[in-house]
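The values are calculated or read from the model by the stated rules, or taken from the named source; none is laboratory data. Predicted model, so just to flag it, every value in this text is computed and none were measured. Ideal geometry is used to build each Cβ from the backbone, glycine not excepted, and the neighbour counts take in all protein chains shown.
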Amino acid sequence: MGFPSGEVAIVGVYTTEQAQNHTRGGFDLEREALTGALADAGLTLADVDGIATTRPVSEVPGSYDPLYFWAEQLGRRPLRYLGSGLPAAALGKAATAVAAGLCDTFVLVHGKSGTKINPAKAGLPTSAPRVGAWSETIHGASRASWYAAWARRYMHEFGVTSEGLAQVAVDARHHATLNPASIMGRKGEITIDDVVNSRMIASPLHLLDCALDSDGGYAIVLTTTVRARDLRARPVQILGAGEGVYIDYYLNLPCPLFPPEGGAVRAAANTAFGLAGIGRHEIDVAGLYDCFTITLLRDLEEMGFCELGEAAAFVKDGNTRLGGAMPTNTDGGCLSNSHNGHPGGMHVIEVVRQLRGEVTPRRQVPNARLGVALSQGMSVMGGAGVLVMGVE
Amino acid sequence: MTWVKPLPIVTPESQPFFDGLREHRFRVPRCRSCGSHNWTPYPACRTCLSTDQEWVDVSGRGSLYTFSVVHVGPRAFTQDGPYIWAFAKLEEQPGPLIVMGNLIGLDHDAVEIDMPIKIGYHDVPDHDLTLYHFEPVTHDI
């Protein structure tokens, strides 16, 4: 028994309009994404018998669970497989379920609108909110403050500068300018000076070191590779996958922050590449979670694309830019395309589009055959999913 | 001024910690079975899953592991200007004993990674509650 490498394929992908402030609700985006991804595959709603969602709670108050919600919403058919985990992890596990016959057509669906990650968007409270005894909010934590603290220790230990981080944002924006659907591409290229001179959010992270705080939806459809051959799109086979979860998010910080043995991302990447039987150097295109500039640097190290402390040099050398050895986040990523609340699936979708060879010529990685996507949370230590994909 | 920063819901499980803060003691759970400290508090020991944990005082001395000067954050915190959100490594058992808090009492330009700090205590106005923060170590003359 081994991982069913190549037996299951991504056959449909769809992204809704991504926007800073959507006028439509999260469910409406989920609905459009679900039907859009099925149409992309040449399948229908009646085919769906497995599902995963990024939602923590159901659309309907009183609903038991977001997955049970979908079982009812899709017409009370028996769903035969309910997925879990970060998007790339959910897809990897669903591939094993499809290969084993637990279900035939699995869809991962996401849609979010309205709620914002930036705590400054909320007004000044008139009285003290009551929170859990160990809550980060007692100390004024924000997502940016966590990543800023990680970035500061990283810069201290490895001698990386703000300019070293900034190159990640510059490359992401360059890629976004080639992606008409991206939120920031229309604003044009940025320079390292633009990043380090943008206003400070949480030192050492500037505004342009931070992801967007946007809205949007997407969906991804899996089925067997045998069935995929009769469908619309070029099948993108799942070759390997891995999941890693180490710590409960946003309660505590692992110390030391940069252990040589790595954390969740290292575990997930080792599993995924091992099961795929593929070396890191064979990857043509990557989609790696990039909620802040520091995040992509640590991804590259923990995924095994470069050594600990060397990611800024790896990026500066152009490896992750279009035209480089492993173009990464060619849609603009979370930094310049969209961070729609649960954007891990966006990185999968961009790799799928690259492997299908269907993006605009200037954005297309020539002859891309092997790709990898990483979804993660809580820096590289907390939780991770890795998906290795390929086309014949 | 009314306190508008979030305040903890104190439960029977966390009561000993907040009782300690009132006495200016920083207490952490230690496993009676294997001796490991467990910060942040969790239902059982992360090393051996024993629920036989006791609250023990630590010195409150440590070093600044990392920090950020937060300019854009929750309004309750930024209304008085940028603030320092930090992690301290306590001297008793540096690995798991990393503690989150606000560092006060220092010019922001004077804050450096690995500098010695200690835990300090402040009473919340109009609430029967004491919270903790980090502050610079003042040297005896």
task: Answer with yes or no whether residue A:60 is among the hydrophobic types (A, V, I, L, M, F, W, C) and over 24 Å from the mean Cα position of the chain (by Cα).
output: yes
task: Determine whether residue B:133 is crowded, with 17+ Cβ neighbours inside 10 Å and out of contact with any Asp or Glu (no Cβ under 8 Å at 6 or more places or on another chain).
output: yes
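Here is a yes/no grid of residues against (1) surrounded by 24 or more Cβ atoms within 10 Å (Cβ to Cβ); (2) basic (Lys, Arg); (3) on the phi < 0 side of the Ramachandran plot; (4) at pLDDT below 95:
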position	(1), (2), (3), (4)
A:323	no, no, no, no
A:326	no, no, yes, no
A:350	yes, no, yes, no
A:370	no, no, yes, no
A:373	yes, no, yes, no
A:382	no, no, yes, yes
message: Going residue by residue through region A:106-113, is there one that turns out to be part of a loop (DSSP other than H, G, I, E, B), touching a helix residue (DSSP H, G or I) at 6+ places or on another chain (Cβ under 8 Å) and either crowded, with 24+ Cβ neighbours inside 10 Å or within 14 Å of chain B (Cβ to nearest Cβ) (or both)?
response: no
query: So which of A:120, A:128 ends up being at pLDDT below 95, at the interface with chain B (Cβ under 9 Å from one of its Cβ atoms), in a helix (DSSP H, G or I) and surrounded by fewer than 23 Cβ atoms within 10 Å (Cβ to Cβ)?
result: A:120
- request: Go through region B:64-84 residue by residue and tally those that are within 7 Å of chain A (Cβ to nearest Cβ) and touching a Ser or Thr at 6+ places or on another chain (Cβ under 8 Å).
  value: 7
- request: Determine whether residue A:346 is under 26 Å from residue A:261 (Cβ atoms) and among the hydrophobic types (A, V, I, L, M, F, W, C).
  value: no
message: Can you tell me which residue is farthest from the other protein chains (Cβ to nearest Cβ) among those in region B:39-63 that are in contact with a Pro (Cβ under 7 Å, 6 or more places away or on another chain) and crowded, with 20+ Cβ neighbours inside 10 Å?
response: B:53
Only one of A:242, A:216 that is modelled with pLDDT of 95 or more, at positive phi and more than 14 Å from chain B (Cβ to nearest Cβ): A:216
query: Only one residue in A:280, A:298 is of a type in the set (Lys, Arg), out of contact with any strand residue (DSSP E or B) (no Cβ under 8 Å at 6 or more places or on another chain) and surrounded by fewer than 24 Cβ atoms within 10 Å (Cβ to Cβ). Which one?
result: A:280
message: For the condition surrounded by 20 or more Cβ atoms within 10 Å (Cβ to Cβ), in contact (Cβ under 8 Å) with a residue 12 or more places away in the chain and within 30 Å of residue A:23 (Cα to Cα), what is the one hit in A:236, A:168, A:221?
response: A:221
task: Could you look through region A:153-163, keep only residues that are surrounded by fewer than 19 Cβ atoms within 10 Å (Cβ to Cβ), of a type outside the set (Gly, Ala, Ser) and part of a helix (DSSP H, G or I), and pick out the one that is nearest to the other protein chains (Cβ to nearest Cβ)?
output: A:156
query: Of all residues in region B:97-120 being facing chain A (nearest Cβ under 7 Å) and either surrounded by fewer than 21 Cβ atoms within 10 Å (Cβ to Cβ) or in contact with a Gly (Cβ under 7 Å, 6 or more places away or on another chain) (or both), which is farthest from residue A:125 (Cα to Cα)?
result: B:113
query: Out of A:166, A:211, which single residue is closer than 29 Å to residue A:280 by Cα and within 14 Å of chain B (Cβ to nearest Cβ)?
result: A:211
task: Identify all residues within region A:46-68 that are closer than 18 Å to residue A:233 by Cβ and either in contact with a Gly (Cβ under 8 Å, 6 or more places away or on another chain) or in a loop (DSSP other than H, G, I, E, B) (or both); write none if there are none.
output: A:48
task: Kindly check whether there is at least one residue in region A:138-152 that is at pLDDT 95 or above and surrounded by fewer than 18 Cβ atoms within 10 Å (Cβ to Cβ).
output: no
Wholly within region B:74-141, strands (runs of 3 or more DSSP E) carrying at least 3 residues that are within 19 Å of residue B:18 (Cα to Cα): B:98-103, B:116-123, B:130-136
task: Name the residue, out of B:107, B:123, B:114, B:128, that is charged (D, E, K, R) and touching a residue at least 12 places away in the same chain (Cβ under 8 Å).
output: B:114
field: Some residue of region A:52-62 being among the acidic types (Asp, Glu) and surrounded by 22 or more Cβ atoms within 10 Å (Cβ to Cβ)
entry: no
message: So the check is Cβ under 8 Å with 6+ separation or different chains; which pairs have a first residue in region A:245-268 that's within 10 Å of chain B (Cβ to nearest Cβ) and a second one that's assigned to a helix (DSSP H, G or I) and charged (D, E, K, R)?
response: A:250/A:136; A:251/A:136; A:257/A:153
statement: Output for Cβ contacts, cut-off 7 Å, separation at least six or different chains, first residue touching a residue at least 12 places away in the same chain (Cβ under 8 Å) in region A:363-375, second part of a loop (DSSP other than H, G, I, E, B) and among the acidic types (Asp, Glu), reads A:365/A:284; A:368/A:284; A:369/A:284; A:370/A:284; A:371/A:284
message: Give me the residue from region B:11-30 that is within 16 Å of the chain's Cα centre (by Cα) and without any contact (Cβ under 8 Å) to a residue 12 or more places away in the chain and, out of that set, nearest to the other protein chains (Cβ to nearest Cβ).
response: B:15
